Amino acid sequence: MDKVTSYAGFLALSPELQRLSIRKPVFKTVLLGEGGVGKTSLAVRYTEDRFDQQMKMTIGVNFATKTLHSSGQSITLLLWDLGGQPRFQDVITDYFKGSKLALAVYEVNRVFTMYRLEDWISRLHSSVPGCNIFLVGNKIDERIPQTAVSLEDAEEFAAKYDAKVFEVSAKTGEGVFEMFDAVGEHLLQFL
């Protein structure tokens, strides 16, 4: 018989086969926010370590996965990259279900994109009450200091949701991998 039918049979497998036969926990994380803030670029930078200057608008939802190794544990991160255009708003809330974490993304030079997250987070919490939030300011490589969202303003906004704040650049990669390391640490609490 090829199948492992008991715990003793499982232990008889080599350590390599044991690792292959144990599923890693999978955690759904949604990227939400207005169109053009760089949600897809963040997902691509993290999962493929590249940046596409000609990135196309997300229609509906894109998916990406990546295995994270954090604190000696391995988990699979399932990223749901949600289209931010108003025409997708009616179907988006269905995609929130099952999320453990939301990356609420805004563009640092477009202040209104941070404040529009109030509506996104409200929709998220109506579908998944208590879903945790990471507030992510993207495009810091293009920051215009006089008009951009300051870190202090972002922290004040995030405090309403008990959210952690990250500033990143999908284009240069600055802060992206550190943010996703924090995502992994955060999700380990659900094991």
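Mind checking which residues of the stretch 133-153 are touching a residue at least 40 places away in the same chain (Cβ under 8 Å) and either aromatic (Phe, Trp, Tyr) or crowded, with 21+ Cβ neighbours inside 10 Å (or both)?
Of everything in the stretch 133-153, those that are touching a residue at least 40 places away in the same chain (Cβ under 8 Å) and either aromatic (Phe, Trp, Tyr) or crowded, with 21+ Cβ neighbours inside 10 Å (or both) turn out to be PHE134, VAL136, ASN138, LYS139, VAL149.
Looking only at residues that are modelled with pLDDT of 75 or more, on the phi < 0 side of the Ramachandran plot and of a type in the set (Ser, Thr, Tyr) in the stretch 49-92, which one is nearest to the chain's Cα centre (by Cα)?
Filtering first and then ranking leaves THR65.
Would you check which residues across the stretch 150-183 are in a loop (DSSP other than H, G, I, E, B), under 14 Å from GLY38 (Cβ atoms) and of a type in the set (A, V, I, L, M) and list them?
Pass one, the stretch 150-183, residues in a loop (DSSP other than H, G, I, E, B): 150, 160-163, 168-175.
Pick out the ones that are also under 14 Å from GLY38 (Cβ atoms) and you get 168-175.
Across the stretch 150-183, the qualifying residues are VAL168, ALA170.
May I ask you to list the residues in the stretch 155-178 that are closer than 21 Å to SER41 by Cα and surrounded by fewer than 21 Cβ atoms within 10 Å (Cβ to Cβ)?
LYS164, VAL165, GLU167, LYS171, THR172, GLY173, GLU174, GLY175, PHE177, GLU178
Just to verify a result, which residue in the stretch 39-78, among those that are surrounded by fewer than 17 Cβ atoms within 10 Å (Cβ to Cβ), β-branched (Val, Ile, Thr) and in contact (Cβ under 8 Å) with a residue 40 or more places away in the chain, is farthest from PHE190 (Cα to Cα)?
THR67
The values are calculated or read from the model by the stated rules, or taken from the named source; none is laboratory data. On a predicted model such as this, the values are computed, not experimentally measured, just so you know. Neighbour counts are summed over all protein chains in view; Cβ atoms, including those assigned to glycine, are modelled from backbone coordinates with ideal geometry.
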